[in-house]
Each structure stands twice: as C-alpha cells, then as structure tokens.
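Have a look at the structure below, then the notes.
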Amino acid sequence: MIRLDSISKSHGSQILLVDASMGVFRGEKVGLVGPNGSGKSTIFRMIVGEEQPDGGQVSVERGVTIGYFSQDVGEMSGRSVLEETMAGAGEVSEAAHELHTLEQAMADPARAHEIEQLVERFGHAQARFDELGGYALESRAQEILTGLGFREEVVQGDVGKLSGGWKMRVALARILLMAPDTLLLDEPTNHLDIESIIWLERFLRGFEGAIVMTSHDRELMNRLVGKIVEIDGGTITTYSGNYDFYERQRDVAATQQEAQYARQQAMLAKEQAFIDKFKARASHAAQVQSRVKKLEKIEKVEPPKRRKALEFDFREPPRSGDDVARLETVGKRYGERKIFEGLDLLVRRRERWCVMGVNGAGKSTLLKLVAGETAPDGGRVALGGSVKMAYFAQHAMELLDPERSVVDTLRGAFPLATVGSMRTLAGAFGFSGDDVDKSCRVLSGGEKARLVLATLLYDPPNFLVLDEPTNHLDMATKEMLIKSLSSFDGTMLFVSHDRKFLAALSNRVLELTPQGVHVYGGGYTEYVSRTGHEAPGV
C-alpha cells in the first residue's frame, strides 16, 4: 500500500535518512521507533505529502485513504465536540452543523416569530442528514468519544473551551471515525488516561486497515504491532515481531556486529603490523604490496552504534518513621461535587501505593491532600516522623523558569552542589553536551519532565508522591526511572497510566470508585488478576 524507496532527507545540516526504504502492506500494524529527532514524524509527513524527500520516491497505492494523527491539532472552535469529531466526514458534518444551529434557533425565545420557517428548515435538514447516514455516523462518533473519556455534557459543549490535551483527544476521535485504509498515529496515547489507552488498544486491534504508529507506551506496542521499523543514524531497519522481540533482536545484532568489528580490527592490526615491520625491506616488498592491496579491497565493518543508557542511582535516603502518611475521616468537595467522605488511609514505610480510578474519581486530589497542596474540608491528614517528601505534580513543568538553562535550574535547586555534580545529574536524565545550556523555554514536554524529576530525586527524599511522572517520557527515560525507583529504599504514592510502570513498582493498590474506596494487597499485577480488569473504568 505504501512504499518508501531509497529515501534521503535532511533538515538543514541534520541528515535524517540516507538511501532508506520501508513498506507498509494491507492490514499490517507497524511500530515506528527511533531516538528523538531521528525522523519518525518526518516519515509521516512525507507519506501524506506535507514534506517531500530530497531523493528517492514515496508511493501510495491508488485509492488508498490515509488518516494522519499528529501532535499539532490546529485550531478548534465554533462547533460542539461532536460536530468537530464528525467534521472530517464531509457533507454529513455540514448537515449535522446545520441541524445543531437550527435546534438552538428553535429554542431561542427571541426567534419565536420564525418558528414555522425554522421547523420547516429543520425537517429538510433532518431528512438530508438521515439520507447521508448521519445518525449511524453520529452513533459511532458518540461511541468513540465515550471510549476516549468524554462525558455526555462535554460532547455537546463547545470544543473551543477544551484544554489542549482534550482537543488532542477530539483530533484522535476524528481520525478514528474516518475509518481510512491506513492510520498514521504519532504518539496517540499522549494525554490519555489508562482507561482510554485500553479502549484505544482494543479499537486498534479490531481495525482492519493498516496502522503505522509511534508510541512511548511499551504495553500498547507489545500487544498491538507485529512489525517494528527502526530509524537510527539515517538508516531504516525492519524487524518482524512486537517491541520486546525487536529489543532482543537489536541486542543480538549489536552483539554480533561488535564481535565482527572486533575480529576485523584485530586482523587489520595484524596486517598493518606486518606492513610496518617489513615495508623497508626489499626482500619482503612483494608480500608487503600484496597485503596493502588486500587491505584496500576489504569492506570495512562499521563500528557498532552504542546506545547511551540513562542511569540514575539513588543515594541512600534518610529513614522515616514506620507510619509515613495518615488520612483520618477525610472529606473533600469541589462546590456541589463530593470527592471524598470519611476516607481513611495509612501509608506505611516502604509501601508503594498506586492509585487507580476513572477521570474525576479524585486521584490527583488525594495526592494533593497528602502533599499539603490542598486542605481537606473535614478530617485530618498528617505525615509521620522524619518524613522527607518530594511531590511531582502534573503542572510541575509549568513552574520552570523559561529563561533559565537546564544547568542553572539544577544549580538554583542545589546551590551548594558543584557544577560538575550538576552536569553529571543532567547527564543521568538525558541532558548531555550542549543540552545543559538549553533554556527551559525551548525544552519539549519530555525534557521538562526529566528536568523536574532530576530536581526531585537528587537530594533523596524518603517519600515520593508522583502524579503521572511518565507523561511525555520516552521509553529509555521510563526504563531508567523504573530501574532507579525499583532500588529506591523509601515509600511511594503515585498515579500513572503506564501499565509497565504500575506493574514494576507497586506493592499496594488503592482503587477509587463511585461505590467507595477499595484496598488491594499486592501490586498492580495482582490487582489485575484479582479484579479481571486493568483499570476501574474498563
């Protein structure tokens, strides 16, 4: 269906692709992977014609329709969420918008004198909408929006009032409703909660067309894709299998290349030593010349690409008391909406609580109560003796000074630390070389999250309260964070939509539901086994 043949592409002085090729066939589910800036989004843009290759050819089979979801959703306003979702469906969306406008007009007392004409126009518009299959399309749109976490009152509301994250969900819903032959999905799980990710996974598994996607969600990639296309250093390499299989095969290939490179280097060194030793002797001139020609003809094995692994080791945190946090008969409301009533919870030393619950269940509110960011309306929240807490909030990245550089931000947080130790800390969180001098203004969401985590974890706390710490993080940083936190000798209370993170780090589960609060001994894996679902809203 889609082919990239001998593609070359540069952005300024940065070479992205050199003589690279890949193909996408009907029904395939492909994961597109590679380091940040390697050219994944560029490949998407070339497929849909937004960019052209410098060399080679991109071909899409005649008649194949493509739906492209990118992180740049554009402006949305002037329609309801439902209308905006249906807007990509052509004439039927125009008929839906006319129906909605006429409904509002008929409900307007100031236009009561026009009611007969409005009713007549509404009848014609309704008949046209039905003729175009609008009601079936609307039903599918409602189903997709519900799956992506939209409540009914929001679906009918103004799309322009939504936050950027919710507009991303609307853009994703539009693409899914299109039902094209091929879906190009660039980080579709950004801004989704765990319930919506699980719904999306099921939807995409049932999708009969081809899918090419990037994602930092390892579980999603493992369960969904059957082929991995890796872009790295200008080349494209294709692997059959899911993400875990790709990682194993890549490691095997790297080990083999290292061994092959080492053998060739040893042979070259031996030959060069012979040449250097005998080049001045006339008696060995023929042998020397023969070996020189032999070396010139040998096809050199490329040195293996060594991926820099991010590593951060916790220093030993101070020991806290056995009771780390206690909530007693806590009540919390926002206006008329009751979040908690009579909530009791005891967090003990070295427990790792993950908090589960649908949107609006109070997960972030619970963490804010424990962190002292908000006060309960009733009851008591108290930290135990010798507790040194660090709190990562969802809005933490917004608090960074945009004018400060990465290293200056770290030095501001730890004024007594040496510049060298701050640069080492920055390197552990993926800021190497000139990256440490970048201003916070130009950092990506993932880079900002890494910087905030670095400031939290350097001076080791013994109680970590983390609200969605893996949002925006790439897989390498997530792996580093999981590995580091696995050896953390303290207490944790956290919310995450990343199932690998939940399974690797939790040993207690607190589930918030409309029926009440449920506590599960054992971690997320045991919780899934006992409840039969991966999240409360599924």
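Rounded to the nearest 10 degrees, the angle from helix 91-106 to the longest Cα principal axis of the chain is 30 degrees. Straight-line cross-link partners of Lys363 among the lysines, defined as a Cα under 18 Å from its Cα and at least 8 positions apart when in the same chain: Lys332, Lys338. Principal-axis analysis of the Cα atoms of the chain puts helix 419-428 at an angle of about 80° to the longest axis.
In this simple spin-label model, placing a label point 7 Å from the Cα along the Cα-to-Cβ direction at both Ser529 and Gln515 gives a separation of 2.2 nm.
Ranking request for peptides 210-222, 1-13: highest mean number of other beta-carbon atoms within 10 Å first, then the rest in descending order.
210-222, 1-13
Only one residue of Leu82, Ala426, Phe150 has its Cα farthest out toward the positive end of the dipole of the chain, where Lys and Arg carry +1 and Asp and Glu -1 on Cβ, and that residue is Ala426. In loop segments of the range 388-461 as defined by DSSP, the GluC sites (Glu not before Pro) with at most 13 further C-beta atoms inside 10 Å of their C-beta are Glu403. In the chain, taking the dipole from charged Cβ atoms about the Cα centre, the farthest positive-side position among Gln52, Ser10, Thr255 is held by Thr255. Averaged over residues, the count of other Cβ atoms within 10 Å places the peptides 197-204, 322-329 in the sequence 197-204, 322-329, highest first. For the range 77-161, the dipole from Cβ point charges (+1 on Lys and Arg, -1 on Asp and Glu) about the Cα centre works out to 220 debye, to the nearest 20. With θ taken as phi - 60° and the Karplus curve 6.51 cos²θ - 1.76 cosθ + 1.60 applied, the whole-hertz 3J(HN,Hα) list for the range 113-124 is 5, 9, 4, 5, 5, 5, 4, 5, 5, 5, x, 5 Hz, x standing for glycine and proline.
In summary, the lysines within cross-link reach of Lys294, defined as a Cα separation below 29 angstrom excluding same-chain residues under 8 places away, comprise Lys270, Lys277, Lys279, Lys305.
Once fully extended, how much extra length lies between Gln126 and Ser163, figured as 0.36 nm per residue of separation less the alpha-carbon to alpha-carbon distance?
My answer for the length gained is 10.2 nm.
Provide the FRET efficiency to the nearest 0.05 for the Arg404-Asp459 pair, computing r from the beta carbons and using R0 = 22 Å. Given R0 = 22 Å and the Cβ-Cβ separation, E is 0.75. Beyond 31 Å in Cα-Cα separation lie the following of the pairs Lys29/Lys297; Lys29/Lys161; Lys161/Lys368; Lys227/Lys293: Lys29/Lys297; Lys29/Lys161; Lys227/Lys293.
Could you give the semi-axes, largest first, of the ellipsoid that matches the range 323-531, computed as the square roots of 5 times the alpha carbon gyration tensor eigenvalues and rounded to whole Å?
Taking √(5λ) for each Cα gyration eigenvalue gives 31, 18, 16 Å.
Dipole magnitude for the chain: computed about the Cα centre from +1 point charges on Lys and Arg Cβ and -1 point charges on Asp and Glu Cβ, it is near 2920 debye. Averaging the Cα positions of each part gives two centres, and for the range 1-77 and the range 172-191 these lie 15 Å apart. Only helices enter the 222 nm calculation for the chain: every DSSP H run of n ≥ 4 contributes -39,500 (n - 2.57), and dividing by all residues gives -12500 deg cm²/dmol, rounded to 500. Across the range 246-297, Cα-Cα pairs more than 19 Å apart make up 45 percent of the total. Here the range 297-431 is assigned +1 on the Cβ of each Lys and Arg and -1 on the Cβ of each Asp and Glu. Its dipole about the Cα centre then comes out at about 540 debye.
Take the Cα of Lys305, step 7 Å toward its Cβ, do the same at His11, and the gap between the two points is 1.6 nm. When you count the other C-beta atoms within 10 angstrom of each residue and take the mean per peptide, 448-458, 248-258, 383-393 line up highest first as 448-458, 383-393, 248-258.
Regarding the range 200-277, what whole-number volume in Å³ per residue does the convex hull of its Cα atoms give?
Hull volume normalised by residue count: 107 Å³.
When the alpha-carbon atoms of the range 26-159 are used, the pair Rg, Dmax equals 20.2, 65 angstrom. Label positions at Glu373 and Ala476, each projected 7 Å from the Cα along the C-beta direction, are separated by 2.9 nm.
Compared with the alpha-carbon gap, the fully stretched path from Ser444 to Val64 is longer by 133.4 nm at 0.36 nm per residue.
Considering only Cα atoms, the convex hull volume of the chain works out to 210 Å³ per residue. Give, as ranges by residue number, the residues of the range 274-288 whose backbone N falls under 15 Å from the point 7 Å along Cα→Cβ of Lys297. Residues 287-288 qualify, since their backbone N sits under 15 Å from the label point.
Principal-axis analysis of the Cα atoms of the chain puts helix 134-147 at an angle of about 70° to the longest axis. Short-range pairs are left out: with C-alpha atoms under 8 Å and at least six residues apart, the relative contact order of the chain is 14 percent.
No value in this document is a laboratory result; all are computed from the given coordinates. These numbers were taken from a predicted model, which means no experiment stands behind them. Every residue, glycine as well, gets a Cβ built from its backbone with ideal geometry; the counts of neighbours run over all protein chains shown.
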